[in-house]
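Let me begin by presenting the structure, written as structure tokens, before commenting on it.
The values are calculated or read from the model by the stated rules, or taken from the named source; none is laboratory data. Note that the structure is predicted; figures quoted are calculated from it, not measured. Note that we place each Cβ from the backbone using ideal geometry, even for glycine, and neighbour counts take in every protein chain shown.
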Amino acid sequence: GAGVSQSPSNKVTEKGKDVELRCDPISGHTALYWYRQSLGQGLEFLIYFQGNSAPDKSGLPSDRFSAERTGGSVSTLTIQRTQQEDSAVYLCASSRRATGAISGANVLTFGAGSRLTVL
Amino acid sequence: GQQLNQSPQSMFIQEGEDVSMNCTSSSIFNTWLWYKQDPGEGPVLLIALYKAGELTSNGRLTAQFGITRKDSFLNISASIPSDVGIYFCAGLKGGGSQGNLIFGKGTKLSVKP
């Protein structure tokens, strides 16, 4: 597609429920990233995928968080047993690849985010 | 984890004024990036800096890569209402992938029309 598409744009859930957030990257982009943006905070790295390589999961805050990327395209971020502190905007980004000069198609393009509110 | 200290946290300025914000770190970075995030949108890259001392402009925006490689600043000249948003700095160490980008907490810019 023309840009990075995320759904849902807003999600309100009850504490303890599981949620799934979806990201459709730009076609042809092999690298896909998930970030979390809490109120008044910067972007917190969660996980990134590069092609068929094993994902870098070093930013996932707990084992309640997981992500997968099927067929090298669409990615789903799953949060199990949500807690109130999980409330944030979850941003997805993609780039042609994860390494190399940050210019042109290699610039991270972000989606508009999925705003999660856990009651 | 590693931190980028971005200041100021927020600022209100009169339209037409110049704006300056900066980012510092105790670590050396090989690439500095500046992003802008409009309300309800994802961040968009404004300027990328690759060499110590580099000064790069993008319209009314000018950013510099500090000589020590531990800091960067962004200037906006003659601000206008559409400059409103959150500006983030981000740093990348040499050889790292973009998955290793470290972001500052942002500077929220509000302009009085």
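If you go through region A:89-115 and pick out every residue that is more than 7 Å from chain B (Cβ to nearest Cβ) and at positive phi, you end up with 2. For region A:88-119, a residue qualifies if it is within 18 Å of residue A:7 (Cβ to Cβ) and among the small types (Gly, Ala, Ser), and the qualifying residues are A:88, A:93, A:94, A:111, A:112, A:113, A:114. Conditions first: (1) part of a loop (DSSP other than H, G, I, E, B); (2) within 22 Å of residue A:45 (Cβ to Cβ); (3) within 11 Å of another protein chain (Cβ to nearest Cβ). Residue B:99 passes all but one, so which condition is the exception? Unmet for residue B:99, out of (1) part of a loop (DSSP other than H, G, I, E, B); (2) within 22 Å of residue A:45 (Cβ to Cβ); (3) within 11 Å of another protein chain (Cβ to nearest Cβ): (1).
Within region A:5-32, the set of residues being modelled with pLDDT of 95 or more, in contact with a Gly (Cβ under 8 Å, 6 or more places away or on another chain) and not charged (D, E, K, R) comprises A:5, A:6, A:9, A:23.
Once region A:1-52 is narrowed to residues that are within 14 Å of another protein chain (Cβ to nearest Cβ), of a type in the set (A, V, I, L, M) and part of a strand (DSSP E or B), the residue that is farthest from residue B:6 (Cα to Cα) is A:21. Could you tell me whether residue A:101 is closer than 29 Å to residue B:87 by Cβ, among the small types (Gly, Ala, Ser) and not in a loop (DSSP other than H, G, I, E, B)? Against the criterion (closer than 29 Å to residue B:87 by Cβ, among the small types (Gly, Ala, Ser) and not in a loop (DSSP other than H, G, I, E, B)), residue A:101 does not qualify.
Out of all the residues in region B:41-87, which are surrounded by fewer than 14 Cβ atoms within 10 Å (Cβ to Cβ) and part of a strand (DSSP E or B)? Of everything in region B:41-87, those that are surrounded by fewer than 14 Cβ atoms within 10 Å (Cβ to Cβ) and part of a strand (DSSP E or B) turn out to be B:55, B:57, B:58. Do you know which residues across region A:57-88 are away from chain B (no Cβ under 14 Å) and under 12 Å from the mean Cα position of the chain (by Cα)? Hits for region A:57-88 are A:65, A:66, A:68, A:74, A:76, A:77, A:78, A:79. Quick check, is residue A:32 of a type in the set (A, V, I, L, M), in contact with a Cys (Cβ under 8 Å, 6 or more places away or on another chain) and within 18 Å of residue A:110 (Cα to Cα)? Answer is yes for this residue. Each residue in region B:18-41 was checked for being touching a helix residue (DSSP H, G or I) at 6+ places or on another chain (Cβ under 8 Å) and within 13 Å of chain A (Cβ to nearest Cβ), and 0 of them qualify. Go through the residues of region A:81-88 one by one and say whether even a single one is within 30 Å of residue B:32 (Cβ to Cβ), in contact with a Gly (Cβ under 7 Å, 6 or more places away or on another chain) and surrounded by 12 or more Cβ atoms within 10 Å (Cβ to Cβ). No, region A:81-88 contains no residue that is within 30 Å of residue B:32 (Cβ to Cβ), in contact with a Gly (Cβ under 7 Å, 6 or more places away or on another chain) and surrounded by 12 or more Cβ atoms within 10 Å (Cβ to Cβ). Considering each of A:91, A:108, A:43 in turn, give the residue that is surrounded by 16 or more Cβ atoms within 10 Å (Cβ to Cβ), closer than 25 Å to residue B:104 by Cβ and in contact with a helix residue (DSSP H, G or I) (Cβ under 9 Å, 6 or more places away or on another chain). The unique qualifying residue is A:108.
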